[in-house]
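To keep things clear, I will list the structure first and then write my remarks on it.
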Amino acid sequence: MPTITEAAALPELSTDDLSRYSRHLILPEVGTEGQRRIKAARVLCVGTGGLGSPLAFYLAAAGIGTLGLVDFDVVDASNLQRQIIHSTKDIGRKKLDSAEEKLTALNPAIKIVKHDTMLSSANALQIMKDYDIVADGTDNFPTRYLVNDACVLLGKPNVYGSIFRFEGQASVFATEAGPCYRCLYPEPPPPGLVPSCAEGGVLGILPGLVGVIQATEVIKLILGKGDSLVGRLLLVDALNMRFRELKLRKNPDCPVCGTNPTVTALIDYEHFCGIVPETPQEKNVKNGIPQLTVKQLKARRDAGEDIFLLDVREPYEYQIAQIGGTLIPQNDVPNRLAEIPRDREIIVHCRSGARSQKIAELLKQSGYKDVVNVAGGILAWADEIDPSVQKY
Amino acid sequence: MTIYIPTPLRVYTGGQEAVDMDAPTVAAALDRLTEAHPELRKHLFTPEGKVRAFVNLYLNDDDVRYLPGKEATAVTAADSLSIIPSIAGGASPAGQTAQGRKGRTTQSTERTGTHAYDY
């Protein structure tokens, strides 16, 4: 790690610092020199969401001299269940501004650098080069591989955390001796196979648990103390409250950090992860299923048309919000085809349009001639047609 | 041996977190597991029978890829096999959740079976 090793070159602690960090200063593993190292450190948090909230909060509290934040998003009500750096009053505000306000209130002496952008192959090296350590709190595979590869190319440690439902993973990648993310997972799963937290849900406390593990590893790397998670994958199972660890090995054939790397510059990570831009035509027909917009659905209803609207969500979702569809949960559809008429058009909807697309394809395979998917589902309905429909 | 099933794959094991398999090797245990739960097979293996690149298998604490016998490694009832898939969650649903929503996919659904974890 390219930190300053000469104690003489480290910044001095002010009188305020001495009182603020007194509980660190009396720890033999930190002491004055360790706190000066923390003050000299420059750490980049990619994302100020579930993982980024506790991560940035604790790093600011610990006195990290320069804390960079990358985010382009705005605060949404559904974030507040876990993204504790943002408050109810911040809904609709840029996450960067909201985070900066809280961090500055906590510790006005630290420097916050805001990067108001989506990290990409075009800007990642430029943004990351000015930091000593990168902490990855993103939520999608393209950015995970981008952060990993950029860290390997720049020789910076990547403090990794990831969560899904009740499970988390944490490790430290891309230090010279240890493996990188690609040594563990050479390729991403095909799109749609592993859901995001938006689709799969997540226990709000879990990113707190994992983000604090990341913050701990960042501080240890700066201090050069203890055993870091280099070469180990920590698995957190919050439901059973079990922690396990697995040994990670550096893969000599790794395309980024192996002995003969084939990836020597940043690539197109959306493409690597199997995502290509949508063309206008595909918006109207997807995998052979015509896509109906909520506006079109509303217009047809308003015209008095008698339509068969099939809702394939779960009963508990139906209790939260519904738009007058016939409820048959997706897994029950194959056994309840008798309830779905074959001689008329079937319009299928769910929450966001993903499950209903799958069921529409299944109905078509089952011999239904005229099946249509509601693009964007009940969320689009709430956004564009009826704001009184509860979003969840 | 005990095979631990990760959350995203439990939908194929009737919700079971762990499955006990009486088998002589890692490969045999996986064969029996996927015979008992056929839907699981295409999520763990390519059509050529190779373990998928985003799935890791750990025998106790060790990556099966780095064991001398790999999947032919002998196992006993006391061993545990963990299936560790990649997960990407961490930030915000309104943010960089590009996967499968912003664009279409280059792979067809046939390659991986149905999108059964899509909530």
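The values are calculated or read from the model by the stated rules, or taken from the named source; none is laboratory data. Please read all numbers here as calculations on a predicted model, not as lab measurements. Ideal geometry is used to build each Cβ from the backbone, glycine not excepted, and the neighbour counts take in all protein chains shown. Heads up: the accessible areas ignore ligands, DNA and RNA and are worked out on the full protein's heavy atoms, side chains in. Shrake-Rupley method; radii C 1.70, N 1.55, O 1.52, S 1.80 Å.
Quick notes
- A:D227 closer than 20 Å to A:I133 by Cα, open to solvent by 20 Å² or more (accessible area, probe 1.4 Å), among the acidic types (D, E) and in a loop (DSSP other than H, G, I, E, B): yes
- Subset of region A:40-86 (residues that are over 19 Å from A:G201 (Cα atoms) and of a type in the set (V, I, T)): A:V43, A:V46, A:I64, A:T66, A:V70, A:V74, A:I85
- Some residue of region A:331-339 being surrounded by fewer than 13 Cβ atoms within 10 Å (Cβ to Cβ) and either among the basic types (K, R) or within 15 Å of A:A380 (Cα to Cα) (or both): yes
- Counting the residues of region A:231-247 that are touching a helix residue (DSSP H, G or I) at 6+ places or on another chain (Cβ under 9 Å), open to solvent by 20 Å² or more (accessible area, probe 1.4 Å) and under 18 Å from A:N148 (Cβ atoms) gives 1.
- Odd one out for B:A53, checked against (1) surrounded by 14 or more Cβ atoms within 10 Å (Cβ to Cβ); (2) outside any loop (DSSP other than H, G, I, E, B); (3) not aromatic (F, W, Y): (2)
- Of all residues in region A:153-172, those that are farther than 17 Å from A:V218 by Cβ, more than 8 Å from every other protein chain (Cβ to nearest Cβ) and buried (at least 24 other Cβ atoms within 10 Å of the Cβ) total 0.
To keep it simple, each residue is scored yes or no on (1) in contact with a Leu (Cβ under 9 Å, 6 or more places away or on another chain); (2) open to solvent by 10 Å² or more (accessible area, probe 1.4 Å); (3) among the hydrophobic types (A, V, I, L, M, F, W, C).
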{"site": "A:D16", "(1), (2), (3)": "no, yes, no"}
{"site": "A:S19", "(1), (2), (3)": "no, yes, no"}
{"site": "A:L25", "(1), (2), (3)": "yes, yes, yes"}
{"site": "A:P28", "(1), (2), (3)": "no, yes, no"}
{"site": "A:E33", "(1), (2), (3)": "yes, yes, no"}
{"site": "A:G65", "(1), (2), (3)": "no, yes, no"}
{"site": "A:L69", "(1), (2), (3)": "yes, no, yes"}
{"site": "A:N79", "(1), (2), (3)": "no, no, no"}
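- Leading residue by the ranking (farthest from the chain's Cα centre (by Cα)) among those in region A:174-188 that are more than 9 Å from chain B (Cβ to nearest Cβ), assigned to a loop (DSSP other than H, G, I, E, B) and within 22 Å of B:V51 (Cβ to Cβ): A:P179
- Filter pass, A:G204 being open to solvent by less than 20 Å² (accessible area, probe 1.4 Å), in a loop (DSSP other than H, G, I, E, B) and small (G, A, S): yes
- Within the set A:L59, A:L51, A:L96, the sole residue that is within 20 Å of the chain's Cα centre (by Cα), under 20 Å from A:I219 (Cβ atoms), within 14 Å of chain B (Cβ to nearest Cβ) and open to solvent by less than 30 Å² (accessible area, probe 1.4 Å) turns out to be A:L51.
- Residue in region A:259-269 that is under 30 Å from A:P186 (Cα atoms), open to solvent by less than 60 Å² (accessible area, probe 1.4 Å) and not in a loop (DSSP other than H, G, I, E, B) present: yes
- Strands (runs of 3 or more DSSP E) fully within region A:125-173 counting 3 or more residues that are under 12 Å from the mean Cα position of the chain (by Cα): A:158-164
- Test: residue in region A:297-311 that is buried (at least 17 other Cβ atoms within 10 Å of the Cβ) and not hydrophobic (A, V, I, L, M, F, W, C): yes
- Residues in region A:241-257 that are in a loop (DSSP other than H, G, I, E, B) and within 16 Å of B:R65 (Cα to Cα): A:L248, A:R249, A:K250, A:N251, A:P252, A:D253, A:C254.
- Only one of A:D90, A:D116, A:D73 that is modelled with pLDDT under 95, within 14 Å of chain B (Cβ to nearest Cβ) and out of contact with any Asp or Glu (no Cβ under 7 Å at 6 or more places or on another chain): A:D73
- Some residue of region A:336-348 being touching a residue at least 60 places away in the same chain (Cβ under 8 Å) and among the aliphatic types (A, V, I, L, M): no
- Region A:28-48, subset within 14 Å of chain B (Cβ to nearest Cβ) and of a type outside the set (A, V, I, L, M), residue nearest to the chain's Cα centre (by Cα): A:G47
- Scanning region B:48-66 for residues that are more than 11 Å from chain A (Cβ to nearest Cβ) and over 14 Å from the mean Cα position of the chain (by Cα) turns up just one, B:E48.
- Scanning region B:8-27 for residues that are open to solvent by 20 Å² or more (accessible area, probe 1.4 Å), of a type outside the set (D, E, K, R) and closer than 22 Å to B:N60 by Cβ turns up B:Q16, B:A18, B:M21, B:P24, B:T25, B:A27.
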